[in-house]
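Remarks on the structure that follows.
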Amino acid sequence: MAALAAVQGERLRTEEELLDWALRRERGFLDQGVRSIGCGQLAGHPILQCAAVATLAGSAPDRRAAAELLARAPLMGGQTAAVVDTVAELLHRLYPGQTWLQGVLPELLGEHLIESATVADPDLLGVVFGRGEAAPALSPEQRRNGLTRLTRLAQRHPQRVEWLVDLLEANLAALASDAIAVAQETGDPLGTALARALRERPEATSALAALHSEIPLYTVSLREVAQLLAQAQVEVARASGSALDLARSLSNLSNRLGELGRPEEALQAIQEAVELYRPLAEQRPEALRSDLAGSLNNLSIRLAELGRPEEALQAIREAVELYRALAERWPKAFRPQLVIALGTLSRCLAELDRPREARDAADEARRLRELDPAP
């Protein structure tokens, strides 16, 4: 775009000036297009808004779906189905792609178009994505494309994160899972926007608690979201009366609090989990001793983080013994966990200035790893 602008004698100093110039040029092409099909009344903002809607969705599989999508544009209100269909055909010809309707490219220009159209009509995003239970059914691909475009726009213009927050808050049930998937690919500010929306809608968060499993550990952009959903899981488990569900939820919550740098709260959660797992492991040892061992390993880590090495050592010794017994019976399943626990034990011993014992634990871990070489 910059080279073309220079050839045409434009002296553009910033990216925004370049994008404004390119959008004016795009508008000219669109205006020519609608006049050529006998729809001159749609020149200017109406056809730009249609192009923005197509760009938000990013795809439509056929002509009918494209027309249904464009009919949501507020400035197309009052137009006949035949006019909307003709506009869909025009955009199909102007913006060919892998699907029947694609939208404006390159991406920077498309996002600038979306921004311009939304500034002109602040209700645009709500109309396209819908609000609450009355939300029209965009496909998952369309929803994720729209969230991706808005996230990239907010990365360049941080004030636009408010559009994401408002959109997510109004459509938590419909968009939360898509937002989690997109945030893992695009990063912030979508994750922080989703966290804000969840805080604003606490009554809806418990219904979304199961989405916690969709967030891998150490996903930086979704740390706050993961903690909020883990906390919701704990509340749901407490209400259910299931000690096992509560123990597992508390374990998850401890991990998520640890990711956020909240070690005291993380310790409190894992301590409660350990106390719940102890009687459960006695009742169902073959099924739940491994859960107890894992929670003890995590307890040791949390205690060490808070400068309590003696208590950390006690917890990890117990975890090692549990894993050792499990590994003797089911080596393929539990030797890797024993190796991890021995590593934690070695670090605890080193912290307590017991180098020989620390070395012994590390050596045992190495020998066990050699029994199961990586493929």
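Values quoted throughout were computed directly from the atomic coordinates according to the rules given, and no laboratory measurement underlies them. Since we're looking at a predicted model, the values are computed, not measured. Cβ placement follows ideal geometry from the backbone for every residue including glycine, while neighbour counts extend to all protein chains displayed.
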I'd like the Karplus ³J(HN,Hα) series for the stretch 31-45: coefficients 6.51, -1.76, 1.60, θ = phi - 60°, whole numbers in Hz, and an x wherever there's a Gly or Pro.
4, 4, x, 5, 5, 5, 9, x, 10, x, 5, 9, 5, x, 4
Debye equation applied to the C-alpha atoms of the stretch 189-316, log10 I(q)/I(0) at 0.09, 0.13 Å⁻¹:
-0.26, -0.54
Taking the Cα atoms of the stretch 299-355 alone, what are Rg (to one decimal) and Dmax (as a whole number) in Å?
11.7, 35
Given R₀ = 45 Å, what would the calculated FRET efficiency be for LEU244 paired with ARG64, taking r from the Cβ atoms and rounding to 0.05?
0.35
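Rounded to the nearest 500, what is the chain's calculated 222 nm mean residue ellipticity when only DSSP H runs of at least 4 contribute -39500 (n - 2.57) each, over all residues?
The helix contribution divided over the chain gives -24000 deg cm²/dmol.
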Residues of the stretch 196-225 with the amide nitrogen closer than 15 Å to a label point 7 Å from the Cα of GLU235, along Cα-to-Cβ, please.
196-212, 225
Based on the alpha carbon coordinates of the stretch 64-169, what radius of gyration and maximum Cα-Cα distance (Dmax) apply, in Å?
13.9, 40
The stretch 167-225: projected area of the alpha-carbon convex hull, averaged over directions, in nm²:
3.4 nm²
Roughly how many nanometres apart are two label points built 7 Å out from the Cα toward the Cβ at ASP353 and VAL119?
6.4 nm
Kirkwood hydrodynamic radius for the chain: how many Å is it when counted over pairs of different Cα atoms?
24.2 Å
Dipole of the chain (Lys/Arg Cβ +1, Asp/Glu Cβ -1, origin at the Cα centre): which of VAL161, GLY258, LEU19 lies farthest to the positive side?
LEU19
Table column - 3J(HN,Hα) (Hz), the stretch 319-335, Karplus curve with 6.51, -1.76, 1.60, x for Gly and Pro:
5, 4, 5, 5, 5, 5, 5, 5, 5, 5, 8, 10, x, 5, 7, 10, 4
Suppose R0 equals 41 Å; then what is the FRET efficiency for ALA204 and GLU305 from their Cβ-Cβ distance, rounded to the nearest 0.05?
0.80
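Work out the P(r) tail for the stretch 58-102: percent of alpha carbon pairs separated by more than 14 Å, whole number. Could you put the intermediate results ahead of the total?
Working: 385 of 990 pairs.
Here the tail beyond 14 Å accounts for 39 percent of pairs.
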Gain on full stretching of the segment that runs from GLU214 to ASP360 - 0.36 nm per residue minus C-alpha separation
48.7 nm
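Given 4 °C and 1.567 mPa s, compute D for the stretch 130-203 with the Stokes-Einstein relation, Rh being the Kirkwood radius over Cα pairs; round to the nearest whole µm²/s.
Values: Rh = 12.0 Å.
Rounded to a whole number, D works out at 108 µm²/s.
Give the calculated FRET efficiency between ILE37 and GLN98 to the nearest 0.05, with a Förster radius of 35 Å applied to their Cβ-Cβ distance. Spell out each step's value before the answer.
Working: r = 24 Å, r/R0 = 0.69.
That gives a FRET efficiency of 0.90.
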Size of the dipole of the chain about the Cα centre, Lys and Arg at +1 and Asp and Glu at -1 on the beta carbon, nothing else charged, in debye to 20?
580 debye
Can you pull a Stokes-Einstein diffusion coefficient for the stretch 126-262 at 37 °C (0.692 mPa s), Rh from Kirkwood over Cα pairs, as a whole number of µm²/s?
217 µm²/s
Residues LEU292, LEU244, sorted so that the one with the fewest Cβ neighbours within 10 Å comes first:
LEU244, LEU292
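What does the charge dipole of the stretch 131-249 about its Cα centre add up to, to the nearest 20 debye, if the Cβ of each Lys and Arg holds +1 and the Cβ of each Asp and Glu holds -1? Intermediate values should be presented prior to the final figure.
Working: 13 positive and 14 negative charges, 53 e Å.
Its charge dipole is roughly 260 debye.
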Calculate the length of the line joining the C-alpha centroid of the stretch 225-304 to that of the stretch 33-58, in whole Å.
54 Å
I need the phi-derived Karplus couplings for the stretch 261-278: 6.51 cos²θ - 1.76 cosθ + 1.60, θ = phi - 60°, integer Hz, Gly and Pro marked x.
x, 10, x, 5, 5, 4, 5, 4, 5, 6, 4, 5, 4, 4, 5, 6, 5, 4
Residue separation between ARG367 and THR80 times 0.36 nm, minus their alpha-carbon distance, gives in nm 95.8 nm
